[in-house]
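J.: Here you go, one structure.
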Amino acid sequence: MGTIKKDKGLDNTLKVMKQGYLYTANQRQRLGADNIFETRALGGKRVVVINGKEAAELFYDNDKTERSGTLPKRLVNTLFGKGAIHTTTGKKHIDRKALFMSLMTENNLQHLRELTRNHWYMNTHKMEQMDQINIYRESIVQLTKIGTKWAGVQAPEEKIEDIATDMDIMIDSFKGLGSAFKGYKESVNARKRVEDWLEEQIIETRKGKIFPPEGTALYEFAHWEDYQGNPMDSRLCAIDLMNTFRPLIAINRFVSFGLLAMHEHPISKEKIKTDDDYAYMFSQEVRRFYPFVPFLPGKAKTDIEFKGHKIEKDTMMVIDIYGTMHDEKVFENPDEFYPERFKEWDGSPFDLIPQGGGDYYTNHRCAGEWMTIIIMEETMKYFAERITYDVPEQDLTVDLNSIPGYVNSGFIIENVQENIDRK
């Protein structure tokens, strides 16, 4: 067995935070390491970092890798919630994951497509009256409306801005990587406000005081029983309910990235207008190309061999998400934005992994991934086909040293007008 090359240091967490999405690539290049190296982080813990398609196959093999208990507690407290499905394993995880997946019916997904299409179109008049629109901010408000409506949650118009802000604060907490970052208390408070609001609706649904439509997330979660016939604790139920639409709100990052891609590759915008399949390919390439989740933790369930190296049982492992999708062995010319690469894509669950990999039902792959693609398709079609707009001078940099990734300006547009052919 070969010796795993090491990034020396007692605790490299600060280095990870400073280098962001590029940390793993930088270390592999510096160490001359191929798809695996060792570091210390999160309080000096030994961590083996792996990347590539074979790494994803290993990481998402439930017989070899354990996910439960590996997420940093501060990240659980802010982003996912205590006891959330992301922190479970085994029968409990499969049972609750089946509840999430039961929402992914053809009719429910079609409803989401129609909601997305209609909400953006109905927002056109508002944007026409605005001097400038920050797409990052505007999309998080619209996605909050879409996500809560789809979930059957009652979200008064006057509360939408506050809910959207709290959700964005929670999502942004990923930048702390479990450390005592400056905004931790703010993120915890934001989560508490949203959990309180959703738990009240769970309780009111169970009491028969509010009546969400059957088939919506609120209805199904409030009435669900586990494999032992027990209803879910109302607080935990609120946490998992939030996790049905929180990932949709995080798509605001992909929306601003998508408009950036259309701006920098104008031919893509024209292809979206003329090719029915192109919005899908374009959306997938946005998800692959731009920074979203940097890496995810796990733990070796048993002694593992990977690339001629031994990873001992109980060793903490990290899968390099961003690095895998920018590995030339996985995607040809990975640093080129090329949507057509998905024209003949085989749909592998181990190469395009911006929201996790493996099987939807038994693994930790995000149940909302199909929903992400639907929302991205309809949103990109809206901006390409339904309106015209100008892009003023601004900072369009995407800083790969910052987690989570953003377009620095948020992507600002102006002079929005409905695109109507009056000839």
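J.: If you check Glu214 against the conditions, is it among the acidic types (Asp, Glu), over 26 Å from the mean Cα position of the chain (by Cα), surrounded by fewer than 19 Cβ atoms within 10 Å (Cβ to Cβ) and in a helix (DSSP H, G or I)?
T.: Here the answer is no, as Glu214 does not meet what is asked.
J.: Sticking with this one: Name the residues in the stretch 192-222 that are over 16 Å from Thr148 (Cβ atoms) and either touching a helix residue (DSSP H, G or I) at 6+ places or on another chain (Cβ under 6 Å) or touching a residue at least 12 places away in the same chain (Cβ under 8 Å) (or both), would you?
T.: Ile203, Arg206
J.: Of all residues in the stretch 126-154, how many are among the β-branched types (Val, Ile, Thr) and over 23 Å from Glu106 (Cα atoms)?
T.: Number satisfying all stated conditions: 4.
J.: Right, another one. When the residues of the stretch 102-132 are narrowed to those that are closer than 26 Å to Glu369 by Cα and polar (S, T, N, Q), which ends up surrounded by the most Cβ atoms within 10 Å (Cβ to Cβ)?
T.: That would be Thr116.
J.: Looking at this structure, is Asp275 of a type in the set (D, E, K, R), surrounded by fewer than 20 Cβ atoms within 10 Å (Cβ to Cβ) and closer than 24 Å to Gly347 by Cβ?
T.: yes
J.: To continue, here is another question. Looking only at residues that are in contact with a helix residue (DSSP H, G or I) (Cβ under 9 Å, 6 or more places away or on another chain) and either among the basic types (Lys, Arg) or not in a loop (DSSP other than H, G, I, E, B) (or both) in the stretch 46-57, which one is surrounded by the fewest Cβ atoms within 10 Å (Cβ to Cβ)?
T.: Applying the filter and picking the extreme gives Lys53.
J.: If the Cβ limit is 7 Å and pairs must be 6+ apart or interchain, which residue in the stretch 56-80 that is without any contact (Cβ under 8 Å) to a residue 60 or more places away in the chain pairs with which residue that is polar (S, T, N, Q) and part of a helix (DSSP H, G or I)?
T.: Ser68/Thr87; Val76/Thr87
J.: If I filter the stretch 221-238 for residues that are closer than 30 Å to Pro291 by Cβ and touching a Ser or Thr at 6+ places or on another chain (Cβ under 8 Å), do I get at least one hit?
T.: no
Okay, residues lined up against (1) aromatic (Phe, Trp, Tyr); (2) within 25 Å of Glu57 (Cα to Cα); (3) surrounded by 14 or more Cβ atoms within 10 Å (Cβ to Cβ); (4) modelled with pLDDT under 95:
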position	(1), (2), (3), (4)
Gly357	no, yes, yes, yes
Tyr360	yes, yes, yes, yes
Ile375	no, no, yes, no
Lys381	no, no, yes, no
Ala384	no, no, yes, no
Leu396	no, no, yes, no
Ile412	no, no, yes, no
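J.: State which residue is farthest from the chain's Cα centre (by Cα) when the search covers only the stretch 1-45 and only residues that are part of a strand (DSSP E or B), at pLDDT 95 or above and not acidic (Asp, Glu).
T.: Lys6
J.: So Pro156 fits all but one of (1) modelled with pLDDT under 95; (2) buried (at least 19 other Cβ atoms within 10 Å of the Cβ); (3) farther than 25 Å from Val76 by Cα; what number is the exception?
T.: So the condition that Pro156 fails would be (2).
J.: Moving on. Find all pairs meeting these conditions: Cβ atoms under 9 angstrom apart; at least six residues apart or on different chains; first residue within the stretch 247-259 and over 14 Å from Ile135 (Cβ atoms); second residue among the aromatic types (Phe, Trp, Tyr) and in a loop (DSSP other than H, G, I, E, B).
T.: So the pair list comes out as Ala250/Phe292.
The values are calculated or read from the model by the stated rules, or taken from the named source; none is laboratory data. What you see is a predicted model; the values in this text were computed from it and never measured. Cβ coordinates were reconstructed from backbone atoms using ideal geometry, including for glycine residues, and neighbour counts include every protein chain displayed.
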